[in-house]
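Chemist: First, the structure itself, so that you have it in front of you.
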Amino acid sequence: MTRSFETLLCDVSDAGVATLTLNRPASLNAINRLMADEMTDALERLAADSSVRVLILRGAGHAFCAGGDVRDMAGQGVRQAGEALEGMSRYRRLVLALHGFPRPVIAAVDGVAFGAGMSLALLADMVLLSDRARLCMVFQRVGLIPDCAALFTLPRLVGLQRAKALTLSAREIGATEAHAMGLALEVLPWQTLHARADEVAAALATGSPTALLLTKQALDASLQSDLPTMLAMEASAQAIALASEEHRIAVQAFVRKKGQ
């Protein structure tokens with residue numbers, strides 16, 4: 001990936017681990033319109049790159065993302081509902097690009113993840129928090145409703161009652177409480193957060209891209225499906241995995257190892 005970005009840093013390691021860094025540290029990596037568009041572009045480019053096996057999403061400096069850039073919102077002036085609806089389409093594209101990313105996504109969250117920043121983290125397949133992370137569905141404080149798919153992801157992770165409590169109160173929570181609610185896989189000392197994200201990503205990068213994608217897609221569909229539907233999806237996905245080159249190579253390696 002050769003394009004440079006104004007609001008992002010993007011790197012792909014030799015092992016196929018892509019790291020996408022929100023890079024507006026002076027504003028705690030708040031999302032403005034340019035960043036939203038650049039993130040969508042970067043995600044689409046990374047998704048099309050067959051060398052990419054895993055994606056890490058993180059923020060520059062000591063914050064993940066403070067949410068939407070209020071100065072950017074203020075600069076747009078008073079808008080009619082129809083105009084605002086059209087403007088939200090850029091964030092819809094971003095959400096679909098991140099949620100539909102065809103490889104595992106790890107969010108490494110340090111410092112604040114407020115508003116849309118928290119929403120973006122919840123779209124990842126795995127969330128790792130530093131011990132100084134702070135999360136908040138801050139939207140009510142500025143007269144808005146949760147966006148960037150939080151109305152979809154949050155109740156699935158914490159249940160409807162807790163989702164209502166977090167969004168209606170705009171209460172800030174720390175890393176330990178977020179982990180207890182099921183919002184994160186691990187809480188780590190802030191000094192080791194990114195090294196742990198790299199470690200998890202490196203382990204995932206050794207897996208079969210076909211099997212990882214099929215598993216991710218099936219699990220994403222599971223909460224909106226019934227058992228017969230999931231069994232049908234399982235059968236068709238397993239047939240694809242069984243026919244893949246990655247499966248053939250893995251079986252041959254397993255047999256050779258057992259024969260030694």
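The values are calculated or read from the model by the stated rules, or taken from the named source; none is laboratory data. Treat the numbers as computed from the prediction; the structure is a model and nothing was measured. A quick note on method: Cβ atoms are made from the backbone with ideal geometry, for glycine too, and the neighbour counts reach across all protein chains shown. Note: areas computed on protein heavy atoms with side chains; ligands, DNA, RNA excluded. Shrake-Rupley method; radii C 1.70, N 1.55, O 1.52, S 1.80 Å.
Chemist: Scan the stretch 49-67 for residues that are open to solvent by 30 Å² or more (accessible area, probe 1.4 Å) and either in contact with a Pro (Cβ under 9 Å, 6 or more places away or on another chain) or not in a loop (DSSP other than H, G, I, E, B) (or both) and jot them down.
Modeler: 50, 53, 58, 61, 62
Chemist: Restrict the check to the stretch 176-193 and report whether at least one residue is closer than 30 Å to residue 59 by Cβ, surrounded by 11 or more Cβ atoms within 10 Å (Cβ to Cβ) and in contact with a Lys or Arg (Cβ under 6 Å, 6 or more places away or on another chain).
Modeler: The answer is yes, given that some residue of the stretch 176-193 is closer than 30 Å to residue 59 by Cβ, surrounded by 11 or more Cβ atoms within 10 Å (Cβ to Cβ) and in contact with a Lys or Arg (Cβ under 6 Å, 6 or more places away or on another chain).
Chemist: Considering each residue of the stretch 17-33, count those that are open to solvent by less than 30 Å² (accessible area, probe 1.4 Å) and part of a loop (DSSP other than H, G, I, E, B), and give that number.
Modeler: Count: 3.
Chemist: Is it the case that some residue within the stretch 164-173 is farther than 21 Å from residue 20 by Cα, open to solvent by less than 40 Å² (accessible area, probe 1.4 Å) and either among the basic types (Lys, Arg) or within 18 Å of the chain's Cα centre (by Cα) (or both)?
Modeler: No, every residue in the stretch 164-173 fails to be farther than 21 Å from residue 20 by Cα, open to solvent by less than 40 Å² (accessible area, probe 1.4 Å) and either among the basic types (Lys, Arg) or within 18 Å of the chain's Cα centre (by Cα) (or both).
Chemist: I would also like to ask the following. Just checking: which of the strands (runs of 3 or more DSSP E) contained wholly in the stretch 79-167 hold 2 or more residues that are farther than 17 Å from residue 69 by Cβ?
Modeler: Correct list: 105-109, 126-130, 134-136.
Chemist: Scan the stretch 143-155 for residues that are farther than 23 Å from residue 110 by Cα and open to solvent by 90 Å² or more (accessible area, probe 1.4 Å) and jot them down.
Modeler: 145 - this is the single residue of the stretch 143-155 that is farther than 23 Å from residue 110 by Cα and open to solvent by 90 Å² or more (accessible area, probe 1.4 Å).
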